[in-house]
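*Asks:* First, the structure itself, so that you have it in front of you.
The values are calculated or read from the model by the stated rules, or taken from the named source; none is laboratory data. Remember, predicted model here, so these are calculated numbers, not experimental data. All Cβ positions, even for glycine, are placed from backbone atoms using ideal geometry, and neighbour counts span all protein chains on display. Just the protein is used for accessible areas: all its heavy atoms, side chains included, with ligands, DNA and RNA removed. Shrake-Rupley method; radii C 1.70, N 1.55, O 1.52, S 1.80 Å.
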Amino acid sequence: MSNKAIELFRQRRTQYALGRNLQATPEQIIDLVKEAVRQAPSSFNSQSSRAVVLLGEQSEKFWELTREALRPLVPAEAFGTTEAKLASFAAGVGTVLFFEDQNVVKGLQEQFPSYADNFPIWSEQSSGIAQFAVWVAFADAGIGASLQHYNPVVDEAVASTWNIPASWKLRAQMPFGSNEAGFGEKSFMDDTERFLIFA
């Protein structure tokens, strides 16, 4: 059975070889991110996901901050590999920083105390859905991307550099740009280990 959504999901792949050869304008990229996050579902329609789009030098600055935050944490003999990896992210057009607004989570906990323990979990799920939505939208637009997690190492530097609201909690980073390499074959575990069907 043919399905447009599934075809788009198949296009979404991790791309580490990023470049700056995109047809999309910065304005189009920003609109794409906004609409993808806007349309991503969230529990109680909380709309707790937040996104910061860094383009050009601002994106490069993020990866410089990340490099310096990691320098004291990574053994010197291994830092060259880390530095090269971060440089590959900085080589793209930009980076999307994904946050969850903790004020929204706390507000829901106060409003619905019987579900209080679940709202942080549901917030994480909302963030994952927003990240996936942006990634799929990028793939459909021919934009390469990967998902990274350098939080909480970079949280303080990010907050002070871009004046991020205190209630926003950094959850993931998505460097993006042109696809400068192909994609290898993706492997999947056996269905019998992953699915149970009862009919």
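*Asks:* Would you mind stating whether Ile164 is of a type outside the set (Gly, Ala, Ser) and not in a loop (DSSP other than H, G, I, E, B)?
*Replies:* When the stated conditions are applied, Ile164 does not pass them.
*Asks:* Looking at the range 86-96, is at least one residue open to solvent by 40 Å² or more (accessible area, probe 1.4 Å), outside any helix (DSSP H, G or I) and within 15 Å of Leu147 (Cβ to Cβ)?
*Replies:* No, every residue in the range 86-96 fails to be open to solvent by 40 Å² or more (accessible area, probe 1.4 Å), outside any helix (DSSP H, G or I) and within 15 Å of Leu147 (Cβ to Cβ).
*Asks:* Kindly establish whether Asn103 is assigned to a helix (DSSP H, G or I), over 19 Å from Lys34 (Cβ atoms) and touching a Ser or Thr at 6+ places or on another chain (Cβ under 6 Å).
*Replies:* Considered against the rule, which asks whether it is assigned to a helix (DSSP H, G or I), over 19 Å from Lys34 (Cβ atoms) and touching a Ser or Thr at 6+ places or on another chain (Cβ under 6 Å), Asn103 comes out as yes.
*Asks:* Then there's this: Quick one: which of Glu83, Glu110 is part of a helix (DSSP H, G or I), at pLDDT 95 or above, within 26 Å of Ile143 (Cβ to Cβ) and open to solvent by 60 Å² or more (accessible area, probe 1.4 Å)?
*Replies:* Matching residue, one of Glu83, Glu110: Glu83.
*Asks:* Would you mention how many residues in the range 158-196 are surrounded by fewer than 10 Cβ atoms within 10 Å (Cβ to Cβ) and in contact (Cβ under 8 Å) with a residue 24 or more places away in the chain?
*Replies:* 1
*Asks:* Given Ala24, Ala90, Ala36, which one is small (Gly, Ala, Ser) and either within 30 Å of Asn118 (Cβ to Cβ) or out of contact with any strand residue (DSSP E or B) (no Cβ under 8 Å at 6 or more places or on another chain) (or both)?
*Replies:* Answer to the check: Ala36.
*Asks:* Here are some residues: Phe44, Phe89. Which one is in contact (Cβ under 8 Å) with a residue 60 or more places away in the chain and more than 14 Å from Met174 (Cα to Cα)?
*Replies:* Exactly one of Phe44, Phe89 is in contact (Cβ under 8 Å) with a residue 60 or more places away in the chain and more than 14 Å from Met174 (Cα to Cα), namely Phe44.
*Asks:* If I ask for residues that are touching a residue at least 40 places away in the same chain (Cβ under 8 Å) and open to solvent by 40 Å² or more (accessible area, probe 1.4 Å), which ones from the range 69-80 would you list?
*Replies:* Across the range 69-80, the qualifying residue is only Leu73.
*Asks:* Restricting the first residue to the range 112-131 and requiring it to be closer than 11 Å to Ser42 by Cβ, which pairs with a second residue that is among the aliphatic types (A, V, I, L, M) meet a Cβ separation below 6 Å and a spacing of at least six or different chains?
*Replies:* That search, which allows pairs on different chains as well, returns Phe119/Val105; Phe119/Leu108; Ser123/Val105; Ile129/Ala40; Ala130/Val37; Ala130/Ala40.
*Asks:* Now for a separate question. Where residues in the range 122-161 are β-branched (Val, Ile, Thr) and part of a helix (DSSP H, G or I), which of them is farthest from Gly92 (Cα to Cα)?
*Replies:* So the residue we want is Ile129.
*Asks:* While we're here: Restricting to the range 1-52, name every residue that is among the basic types (Lys, Arg) and either outside any loop (DSSP other than H, G, I, E, B) or open to solvent by 50 Å² or more (accessible area, probe 1.4 Å) (or both).
*Replies:* Lys4, Arg10, Arg13, Arg20, Lys34, Arg38, Arg50, listed by residue number.
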